[in-house]
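What follows is a set of notes on a single structure, which appears directly below.
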Amino acid sequence: MNKEKIIKGKIDKLDVNISCSLNGHVKMYSFAQIKVELKNAGEFFAGIMQIGIPQSKEGILYTKNFEISANGTKTISMYMPSNMQTERIRFEILDRTGKVLLQEHIETTVYSQDKILVGALRAAYMDVMH
């Protein structure tokens, strides 16, 4: 079984880990979850997260302001409707002045509505559930 695909980025002392839905697999006409895990080894940071489709005229479709304390951690999720154009999602972090500090492209696999995605838990996870 594949491990979760994680895109790693860094802004000064801020580590950024980005993942999308089920290991990059998205069902068409549902929502892709972009999960961002932040670990700050520096000072307080305030910024803006943006996601969008690179080929759209607007480019960025959704934004979210965020803050993270000095030496803090935070997980933030953003959701974007999925269709055939969401096979590639643009992710950005900007400072509050609008300067792009980090830009990544998230590759996804979009499945039609009639597909069923099935997963299995390892025994180590099953022990926690008992």
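The values are calculated or read from the model by the stated rules, or taken from the named source; none is laboratory data. All values derive from a computational prediction rather than experimental measurement. All Cβ positions, even for glycine, are placed from backbone atoms using ideal geometry, and neighbour counts span all protein chains on display. Remember, those area values only see protein heavy atoms, side chains included, never the ligands or the DNA or RNA. Shrake-Rupley method; radii C 1.70, N 1.55, O 1.52, S 1.80 Å.
For the reader, a short list of remarks on this structure follows.
- For ILE34, the requirement of being in contact with a Cys (Cβ under 6 Å, 6 or more places away or on another chain) and within 14 Å of ILE93 (Cβ to Cβ) is met.
- Selected residue (only one of GLY119, GLY72, GLY47, GLY98 is at pLDDT below 85 and either of a type outside the set (A, V, I, L, M, F, W, C) or closer than 17 Å to ILE7 by Cα (or both)): GLY119
- When VAL36 is tested against (1) assigned to a strand (DSSP E or B); (2) at pLDDT below 95, only condition (2) is not met.
- Considered as a group, the residues in the stretch 56-111 that are of a type in the set (A, V, I, L, M, F, W, C) and not in a strand (DSSP E or B) include one that is most open to solvent (accessible area, probe 1.4 Å), and that residue is MET84.
- The stretch 1-28 residues that are under 22 Å from LYS39 (Cβ atoms) and among the hydrophobic types (A, V, I, L, M, F, W, C), paired with ones that are in a loop (DSSP other than H, G, I, E, B) and modelled with pLDDT of 85 or more (beta carbon under 7 Å, 6 or more apart): LEU14/GLY42; ILE18/ILE6; CYS20/THR108
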